[in-house]
Amino acid sequence: MNRGWIILGWITLLCLIWVGAGCANRSQPGEGGREVLEPTPAVGERIPGAGGKVEEQTEPPAAPSPPSPEPEETVTTVRFAAVGDVLIHSSLYKDAKTEDGYQFGPMFELVKPFISRADFAMANQESMIGGEAIGLSDYPQFNSPFEIGTTLKEVGFEAVTIANNHTLDRGPQAILNAIGHWDSIGMIYTGAYRSKEDRETLRIVEKNGISMALLGYTYGTNGIPVPEGMDYLVSLIDPEQIVSDIEKASRLADVTVLQLHFGTEYERMPNKQQKELAHQLAEAGADLIIGHHSHVLQPCEWIEREDGQRTFVIYSLGNFLSGQEGVYKEIGGILGLTIEKRVQGEQRTVTLLEPALLPTWTHKKNWRNYKILPLDQVTEQQLPGVAGYRQEIADHMTRWMPELKIISSGEVGGS
């Protein structure tokens, strides 16, 4: 009995071993057998890994886009020049008279290089060039030959301001004659116009990719009334109108150049009204203000504006060529400065740099042989005490702007 149970137990154990071995063989791939494939996990599905840890599969991150390159900055410059009064007294046009007309060229030959070197130059043509046909005349009601305008063009000037107290000296015909000649030689003019439409046409000139708007005004016309219905003949100083013109110019041009005929004659310092007006118009957006009328040099200064910009002002450039007597009325200057424009993408900045002045002196002998000389070329024989005048002028013009460079004729690039 006990032996039978023992045999039965061994048989049962062998069966269990056989059954277990068969199950194990069915779960393993083998020759002639069926491989059991594990399912491929979906992206991001957590599956068992080695050591029982859970791992997560993810797609590789996309490569970052390369940064957009910075727009390239472009820098352009214009070398700007300006002079003061060109006031043609009878001694001047008599000196210039030839058999064929009037020859003013020799009077400018020593300063021509400094004008022609500039990219753009302006002058204050104070006497109207109405031409010989209506009769030449002197103070107090001037009329000058066409040839002085032609000479300015040949010297290198590209624009003139003609708003001053002598604009109406010889009436509308002189103005229309003058404008006709300016047009015929391709000279830009501002401050006096042939019509309302002409007055409303803003003068904008472009040099080296920099646009400059040119405006000109005068305090008055020596008591001569503006003809009724012809207020376009001369632009009078009206601050409200000038502010409106400046705002228009600032929208259309990079730089607004404002010429003002104001102040007190023969006074070497600007008066309160000049300074107040200059500050008002600077705040309106004028970038460069050039004064004349005093016939003598007046200092310059920077006016800091609320918009963070600054305006360059020279209150008077004095006489450039005239028949007036007296040392300070014979000394003028050629103003030079650099207008720089920087553009990077949508950003644009315009800056006035490197202000400089070449002082000049008008030589004459017995009311003839007129010639404009750089002051540093003037000899003691021509102007006694000239060394002292040079230093005095330098001190006078830099009193509010020490960085203004007083240059000599031997220096290159000053104008």
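Taking all pairs of distinct Cα atoms, average 1/r, flip it, and tell me the Kirkwood hydrodynamic radius of the range 279-415 in Å to one decimal place. Walk me through the numbers on the way to the answer.
Numbers: mean 1/r = 0.0615 Å⁻¹.
That comes to 16.2 Å for the range 279-415.
Show me 380-386, 332-338, 245-251, 282-288 ranked by packing, highest mean number of other Cβ atoms within 10 Å first.
Details: 380-386: 12.3, 332-338: 25.1, 245-251: 17.6, 282-288: 21.9.
Put in order of decreasing packing, that is 332-338, 282-288, 245-251, 380-386.
By how many nm would the segment from residue 75 to residue 275 grow when fully extended, if each residue of separation counts as 0.36 nm and the alpha-carbon distance is taken off?
Details: separation 200, 0.36 × 200 = 72.00 nm, distance 3.27 nm.
Separation in residues times 0.36 nm, less the Cα-Cα distance, equals 68.7 nm.
What value does the range 253-329 have for Rg/Rh, both radii from Cα atoms and Rh as Kirkwood defines it? Please report the intermediate quantities before stating the final value.
Numbers: Rg = 13.1 Å, Rh = 12.8 Å.
Reported Rg/Rh (Cα atoms, Kirkwood Rh): 1.02.
Can you return the lysines within cross-link range of residue 248? Criterion is Cα-Cα under 25 Å, with same-chain partners fewer than 8 residues away left out.
Straight-distance partners of residue 248: 196, 207, 275, 341.
Residue 187: net charge of surrounding residues, Cβ under 12 Å, Lys/Arg +1, Asp/Glu -1, itself excluded? Intermediate results must be reported in sequence, preceding the final value.
Numbers: positive: 153, 203; negative: 154, 158, 183.
Taking every other residue near residue 187 into account, the sum is -1.
Give me the number: length gained by fully extending residue 387 to residue 351, i.e. 0.36 nm times residue separation minus the C-alpha to C-alpha distance, one decimal in nm.
9.5 nm
Once the piece of chain linking residue 204 and residue 369 is laid out straight, how much longer is it, given 0.36 nm per residue of separation minus the C-alpha distance between them? Show your work: numbers first, answer last.
Values: separation 165, 0.36 × 165 = 59.40 nm, distance 3.71 nm.
Result: 55.7 nm gained on full extension.
Using Cα positions and a limit of under 22 Å, work out the lysines in reach of residue 365, with same-chain residues fewer than 8 apart set aside.
The reachable lysines, counting only those whose Cα sits under 22 Å from residue 365, are 94, 97, 112, 329.
Using the basic label-point model (7 angstrom from Cα toward the beta carbon), what is the residue 411 to residue 65 distance in nanometres?
5.2 nm
Need one number: the % of Cα-Cα pairs in the range 135-278 sitting beyond the 18 Å mark. Please list the in-between numbers first.
Details: 6121 of 10296 pairs.
It works out to 59 percent of all Cα pairs.
Could you name the aspartates and glutamates whose alpha carbon sits less than 16 Å from that of residue 153, not counting residues in the same chain fewer than 8 places away?
85, 109, 119, 126, 183
How charged is the neighbourhood of residue 366? Take every other residue with its Cβ under 13 Å from the Cβ of residue 366, and add Lys/Arg as +1 and Asp/Glu as -1. Walk me through the intermediate numbers first.
Working: positive: 94, 364, 365, 368; negative: 95, 325.
Computed value for this residue: +2.
Whole number please: convex hull volume per residue, Cα atoms of the range 296-372, in Å³.
On the way: hull volume 7.4 nm³, N = 77.
Given the Cα convex hull of the range 296-372, per-residue volume reads 97 Å³.
First select every other residue whose beta carbon is under 12 angstrom from the beta carbon of residue 101; then total the charges, Lys and Arg +1, Asp and Glu -1.
Working: positive: 97; negative: 99, 100, 132, 147.
Local charge sum for residue 101: -3.
Let me see the P(r) profile for the range 86-174: every Cα-Cα distance counted, bins of 10 Å, each bin given as a percent of all pairs.
17, 49, 29, 4
Arranged from highest to lowest average of other beta-carbon atoms within 10 Å per residue, in what order do the peptides 184-196, 164-176 appear?
The peptides rank, most packed first, as 164-176, 184-196.
Could you give the distance between the Cα centres of the range 156-187 and the range 370-391, to the whole Å?
One Cα centre to the other: 32 Å.
Which order do 182, 302 take by accessible area at a 1.4 Å probe, largest first?
Values: 182 0, 302 40 Å².
So, going from the largest accessible area down, we get 302, 182.
The values are calculated or read from the model by the stated rules, or taken from the named source; none is laboratory data. These numbers were taken from a predicted model, which means no experiment stands behind them. A quick note on method: Cβ atoms are made from the backbone with ideal geometry, for glycine too, and the neighbour counts reach across all protein chains shown. Just so you know, the surface numbers come from the protein's heavy atoms only, side chains and all, with ligands and any DNA or RNA stripped out. Shrake-Rupley method; radii C 1.70, N 1.55, O 1.52, S 1.80 Å.
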